[in-house]
1. Rounded to the nearest 20 Debye, what is the dipole magnitude of region 49-196 about its Cα centre when Lys and Arg each give +1 and Asp and Glu each give -1 at the C-beta?
2. Normalised by the number of residues in region 111-181, what is the relative contact order in percent for Cα pairs under 8 Å and 6+ residues apart?
3. Looking only at ALA94, ALA14, ALA131, which one moves most when the chain is put into a Gaussian network model with springs between Cα atoms under 10 Å?
4. Given [x] 10.9; [y] 14.2; [z] 19.4, which label gives mean projected area of the Cα convex hull in nm² as computed from the coordinates?
5. Can you figure out the FRET efficiency of ALA184 with ARG72, using R₀ = 30 Å and their beta-carbon distance, to the nearest 0.05?
6. Gaussian network model of the chain, Cα springs within a sub-10 Å range: biggest mean-square fluctuation belongs to which of VAL156, VAL85, VAL32?
7. ARG65 to SER25: extension gain in nm, 0.36 nm per residue of separation minus the Cα-Cα distance?
8. So what is the relative contact order for the chain, in percent, with contacts set as C-alpha pairs under 8 Å and at least six apart?
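Values quoted throughout were computed directly from the atomic coordinates according to the rules given, and no laboratory measurement underlies them. Every value quoted in this text rests on a predicted model; they were computed, and no experiment measured them. Here the Cβ positions follow ideal geometry from the backbone for every residue, glycine too, while neighbour counts run over all protein chains shown.
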Amino acid sequence: MTIKDAPEEWEIRATRTPFVGNKTSVRTDDVVMPDGTVVHRDYQLHPGSVGVLALDDEGRVLVIRQYRHPVRQKLWEIPAGLLDVPGENPLHAAQRELYEEAHVKAEDWRVLADVYTTPGGSDEAVRIFLARDLSEADGERFAVEHEEIDLEYDRVPLDELARGVLAGELHNNCLVVGVLSLIAAQNGDGLDALRPAEAPWPARPFES
């Protein structure tokens, strides 16, 4: 058996959207199970996201500390953001987020990992990029608002972040996946063997 995720869609008898929010919504589908029974499945509709693991020449990762109201914590994270425009190229969105959140640009971009954050309750898909050859972005800093007003920044050695993940001290999913994927890539075929930045992404098809 090939260990590889594959597309599949079970029959839906009815669907409705009981909640529509600013960025996300909730949908209820009546799904036919293999034994013929029909069950309700509620899930969040999400536009998708990108995350950026920005690695500098000293082997440090750019991280941001931000308040996250649903979990009532300040979390250390990597720069990330929504795919605000349907069909938006995720690389362009990642470059925008790195500039807006950290005022940093990168010359070398690769795909590190593609994940569904919570596939039992949301269709959110996230593409996490590796960005290298970092420098300060040109022009003025992006004007921030809301939670972003209180952002804190640091550059932390990769092995220190990995220790924090395994110790249960760091919880942001993009940071966890990005850090552990980067270590796996370094210990495997190397970073230059990672997928190119424009690699296809069936979960969120985009235009080049």
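1. Working: 14 positive and 29 negative charges, 96 e Å.
The dipole of region 49-196 has a size of about 460 debye.
2. On the way: 44 pairs, mean separation 21.3, N = 71.
Relative contact order comes out at 30 percent.
3. Of ALA94, ALA14, ALA131, the most mobile in the Gaussian network model is ALA14.
4. Here the calculated entry is [y].
5. On the way: r = 31 Å, r/R0 = 1.05.
Plugging the Cβ-Cβ distance into 1/(1 + (r/R0)^6) gives 0.45.
6. VAL32
7. Working: separation 40, 0.36 × 40 = 14.40 nm, distance 2.67 nm.
Separation in residues times 0.36 nm, less the Cα-Cα distance, equals 11.7 nm.
8. Numbers: 374 pairs, mean separation 45.1, N = 208.
Normalised by residue count, the contact order of the chain is 22 percent.
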